[in-house]
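What follows is a set of notes on a single structure, which appears directly below.
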Amino acid sequence: MVIVFENIGLIHGHSNMLNRPESSKKSLQATAVSVLSSGIFGTSPTVASVEAAAGITAGGRTGLTSIVTGCMFLLSILFIPVIKIVPASAVSPILILIGLLMLQNIVHISMEDLTESFPALLIIVLIPLTYSIADGMAVGFILYPLIKLLMGKGKEIHPALYMIAILFISNMVIQYVF
């Protein structure tokens, strides 16, 4: 479930960067095929990533940037022994900068309505505190409909979101009990 929500969030962000929200439908379909085929072939699922955002920022609008990036990744296979020399800790500053860039969107959270802002801010805090994107997102997806219900705004929530919250609760119970 995390891959699904991660892809939805990333593609939404990418299509907003392009100012073309209508393009997200094709992107979501391509990602769905990619994730499905990764399951069939037993590989890691594909996730829309930073490379796409970098391509968009550099001016890429078609998909050629993604093809070039993919070819460069294939070419990098030849350099794996050299790449292994770089310590994993060298990536940390880059990840911190990416996290800071992602926080730029916090200004779009409506702080006037606590039923909207509290779950979102809790997700932002819990992801690093739990060392798990999945657990941080799960708590947010559980608390959002719960808080809306407690505040008498339960009708604002689509029934599918209640089902997602139940699935996350079930996953957490199964994960921590067994």
Could you name the lysines in cross-link range of Lys84, using Cα to Cα under 18 Å and dropping any fewer than eight places away on the same chain?
none
Assigned charges on the beta-carbon of Lys, Arg, Asp, Glu; the chain dipole about Cα centre (debye):
320
Rg(Cα) / (2.2 N^0.38 Å) computed for region 109-178, rounded to two decimals
1.12
What are the ³J(HN,Hα) couplings of region 101-112, residue after residue, when phi is run through the Karplus curve with 6.51, -1.76, 1.60 and θ = phi - 60°? Round to Hz, x for glycine and proline.
5, 5, 5, 4, 7, 5, 5, 8, 7, 6, 7, 6
In Hz, Karplus ³J(HN,Hα) per residue of region 161-178 (6.51, -1.76, 1.60; θ = phi - 60°; x = Gly, Pro):
5, 5, 5, 4, 4, 5, 5, 5, 4, 4, 4, 5, 4, 4, 5, 8, 7, 9
I need Val33, Val139, Val177 ordered by Cβ neighbour count within 10 Å, fewest first.
Val177, Val33, Val139
Mean separation of Cα contacts under 8 Å (at least 6 apart) over the residue count of region 68-178, i.e. the relative contact order in percent, is 15
Given the chain reduced to its alpha-carbon atoms as identical point scatterers, what log10 I(q)/I(0) does the Debye formula return at q = 0.13, 0.14, 0.15, 0.16 Å⁻¹?
-0.88, -1.01, -1.15, -1.28
For the chain, with the dipole built from +1 on Lys and Arg beta-carbon atoms and -1 on Asp and Glu ones, taken about the Cα centre, which of Ser34, Gln104, Leu121 lies farthest toward the positive end?
Ser34
Karplus-derived 3J(HN,Hα) from phi for region 71-84 (6.51 cos²θ - 1.76 cosθ + 1.60, θ = phi - 60°), whole Hz, x at Gly and Pro, runs 5, 5, 4, 4, 5, 5, 4, 5, 10, 4, x, 6, 5, 5
Just add up the charged neighbours of Thr115: K/R +1, D/E -1, any other residue whose Cβ is under 14 Å from the Cβ of Thr115.
-1
Pick from Ala88, Ala138, Ala32: which is most flexible by mean-square fluctuation in a GNM of the chain where alpha carbon atoms under 10 Å apart are linked?
Ala88
Rank these for me by crowding, Ser15, Ser76, going from fewest to most other beta carbons within 10 Å.
Ser76, Ser15
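Since every read-out is calculated from the coordinates, none of them should be taken as a lab result. Just so it is clear, the model here is predicted, and its values are computed rather than measured. Don't worry about glycine lacking a Cβ; one is built from the backbone with ideal geometry, like all the others, and counts go over all protein chains shown.
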